[in-house]
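The values are calculated or read from the model by the stated rules, or taken from the named source; none is laboratory data. Here the structure is a predicted model, which means the values were calculated and not measured. Glycine gets a Cβ as well: all are built from the backbone with ideal geometry, and neighbour counts include every protein chain shown.
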Amino acid sequence: MTMRILIGDDHPLVQAALRSALSTVLPDLDIIACQSLDEAVSVLSAQSDEIDLILWDLTMPGIQGFAALFILSAQFPMVPVAIISARQDAATIRRAIAYGASGYIPKSLSLPEMAEAITKILAGEIWMPPNVGGRGSIQSADVELAARMASLSAQQLRILTMIVEGKLNKQIAGELDIAEQTVKGHVSTILRKLGVGSRTQAAVLAERLSFRQPGGA
DNA sequence: GATAAGTGACGCAAGTACTC
DNA sequence: GAGTACTTGCGTCACTTATC
């Protein structure tokens with residue numbers, strides 16, 4: 001049976017390494033590489049029922065931290081999402097799992113180890129590096145907050161990440177090629193869904209969920 | 001007054017549930 | 001299966017409020 005994996009990573013070398021690692025243990029493997037969230041969403045919208053796993057890099061351009069995880073999990077709940085990242089501190093790994101990731105694969109792993117991890121995730125296991133601990137150390141308030149974040153649409157999450165970056169409505173409108181009034185409408189919806197009264201409070205909440213690139217890297 | 005943030009309302013499109 | 005109603009998300013407009 002052919003397994004199909006979508007890789008979201010903007011580094012061709014990483015894509016090539018993953019392709020090499022997986023081809024040794026999964027000969028019938030079809031890998032789809034995406035370099036942006038929009039590209040990934042487009043692919044998944046067309047064939048989400050044919051994708052067995054999403055491997056997502058936390059430091060993709062244009063989408064910060066765990067925001068992409070929320071978007072992909074919310075829009076395509078039937079497709080497991082595993083995080084692949086150069087960052088490997090226990091807190092980040094536990095957060096990823098708590099926020100719904102099916103696994104967390106540090107890029108420092110050897111290719112055989114990566115292949116083993118991905119094989120287990122494909123088998124339905126939650127995989128993370130040893131000595132990290134379970135999701136129990138994540139505060140329940142953060143999990144509840146994550147659920148509220150997940151209620152946001154993809155466009156709303158994009159706008160929220162830009163708010164976290166300190167961008168003005170006008171700047172957000174320019175980057176998304178929509179009217180400033182449209183951005184304001186989305187901001188109002190975001191504030192209502194998150195139960196906050198201002199974009200500053202929304203940004204603070206998003207910061208708690210690491211909507212910036214972890215560690216600034 | 002200028003600028004930015006925020007709200008409410010509207011139309012449109014897509015998806016879903018229900019009825020026949 | 002076809003038609004209808006409802007919900008949700010997106011985009012826009014007009015307007016108010018706050019700040020400088």
Residue count for the stretch A:167-186, restricted to those that are more than 10 Å from DNA strand C (Cβ to nearest atom), assigned to a helix (DSSP H, G or I) and either surrounded by 15 or more Cβ atoms within 10 Å (Cβ to Cβ) or basic (Lys, Arg) (or both): 3
Taking the stretch A:197-217, which residues are more than 13 Å from DNA strand C (Cβ to nearest atom) and at pLDDT below 75? A:Glu207, A:Arg208, A:Leu209, A:Ser210, A:Phe211, A:Arg212, A:Gln213, A:Pro214, A:Gly215, A:Gly216, A:Ala217
Would you call A:Gln88 at pLDDT 80 or above and touching a Phe, Trp or Tyr at 6+ places or on another chain (Cβ under 9 Å)? yes
A:Leu18 meets each of (1) modelled with pLDDT under 85; (2) surrounded by fewer than 19 Cβ atoms within 10 Å (Cβ to Cβ) with one exception, condition (2)
For strands (runs of 3 or more DSSP E) lying entirely in the stretch A:28-127, having 1 or more residues that are of a type in the set (Asp, Glu) and closer than 17 Å to A:Met3 by Cβ picks out A:29-34
Subset of the stretch A:179-209, residues aliphatic (A, V, I, L, M), more than 10 Å from DNA strand B (Cβ to nearest atom) and in contact (Cβ under 8 Å) with a residue 24 or more places away in the chain, comes to A:Leu194, A:Leu205, A:Ala206, A:Leu209
Does any residue in the stretch A:159-178 that is closer than 15 Å to A:Ala68 by Cβ come within less than 6 Å, Cβ to Cβ, of a residue that is more than 11 Å from DNA strand C (Cβ to nearest atom) six or more places away or on a different chain, and which pairs are these? A:Leu160/A:Ala206; A:Thr161/A:Gln64; A:Thr161/A:Ala67; A:Thr161/A:Phe211; A:Val164/A:Ala203; A:Val164/A:Ala206; A:Val164/A:Phe211
